[in-house]
1. T92 versus (1) farther than 18 Å from L18 by Cβ; (2) not in a helix (DSSP H, G or I): which is the lone unmet condition?
2. If I filter the stretch 72-83 down to residues being touching a helix residue (DSSP H, G or I) at 6+ places or on another chain (Cβ under 9 Å) and not in a strand (DSSP E or B), which single residue comes out as surrounded by the most Cβ atoms within 10 Å (Cβ to Cβ)?
3. So the check is Cβ under 8 Å with 6+ separation or different chains; which pairs have a first residue in the stretch 41-59 that's of a type in the set (G, A, S) and a second one that's surrounded by fewer than 13 Cβ atoms within 10 Å (Cβ to Cβ) and not in a strand (DSSP E or B)?
4. Going by what's in this entry, would F69 be described as in contact (Cβ under 8 Å) with a residue 40 or more places away in the chain and loosely packed, with under 13 Cβ neighbours inside 10 Å?
5. Identify the single condition in (1) part of a loop (DSSP other than H, G, I, E, B); (2) exposed (fewer than 15 other Cβ atoms within 10 Å of the Cβ) that D130 does not satisfy, given that it satisfies every other one.
6. So which residues in the stretch 32-60 are under 21 Å from I79 (Cβ atoms) and part of a loop (DSSP other than H, G, I, E, B), if there are any at all?
7. Filter the stretch 27-44 down to the residues that are loosely packed, with under 13 Cβ neighbours inside 10 Å and among the small types (G, A, S) and list them by number.
8. Quick check on my filter: what residues within the stretch 100-114 are in a helix (DSSP H, G or I) and crowded, with 17+ Cβ neighbours inside 10 Å?
Amino acid sequence: MPEQELLQLDVAGWQALLDRHAALFAGLLSGSRIGLLPEEDFETPAAMMLVWEATKLGMVATYRPFPGFNTVDVDLLFIPNNETLRRLHDRTNSSPFADMKRKVRRRETLLYVVKPRASLLELGYEEFLDSLGLTFVGACR
């Protein structure tokens, strides 16, 4: 039943979060995808993941089945617990990505880098990863 908890967090709420923090994703090229798979569903055969996809009009939130690590079609995959997802989704949380940053740095949310570093650079992830406090050295400056 944990998957149902994630599904109860409406896509419109996720979209509102992405719209409020559009600048955070401004550097991502169209087609870039970030997945969030609830920790509680990590080994569930029919798990659903939340996907944030960059489009020409900005980031778009959708739910998609999680096909497994070998075929997942995202660039980065976060594995947060349901409480972290609820905090991120909460409109009253004035700094949801600071919370996410803290969770990743404390290893309370796992981050799987699915694509190679060069691909992430080409897709524009450097600023997004830097905003989460993750060292991601790009091209020489």
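The values are calculated or read from the model by the stated rules, or taken from the named source; none is laboratory data. Fair warning: this is a prediction, and the values are worked out from it, not measured in the lab. FYI the Cβ positions are ideal-geometry reconstructions off the backbone, even for glycines, and counts take in every protein chain you see.
1. (1)
2. Here the answer is P80.
3. A54/L29; A54/S30; A54/G31; G58/D19; G58/A22
4. For F69, the condition - in contact (Cβ under 8 Å) with a residue 40 or more places away in the chain and loosely packed, with under 13 Cβ neighbours inside 10 Å - is met.
5. The one condition D130 does not meet is (1).
6. S32, L37, P38, F42, E43, T44, P45, A46, A47 - these are the residues of the stretch 32-60 that are under 21 Å from I79 (Cβ atoms) and part of a loop (DSSP other than H, G, I, E, B).
7. Of everything in the stretch 27-44, those that are loosely packed, with under 13 Cβ neighbours inside 10 Å and among the small types (G, A, S) turn out to be S30, G31.
8. Correct list: M100, K103, V104.
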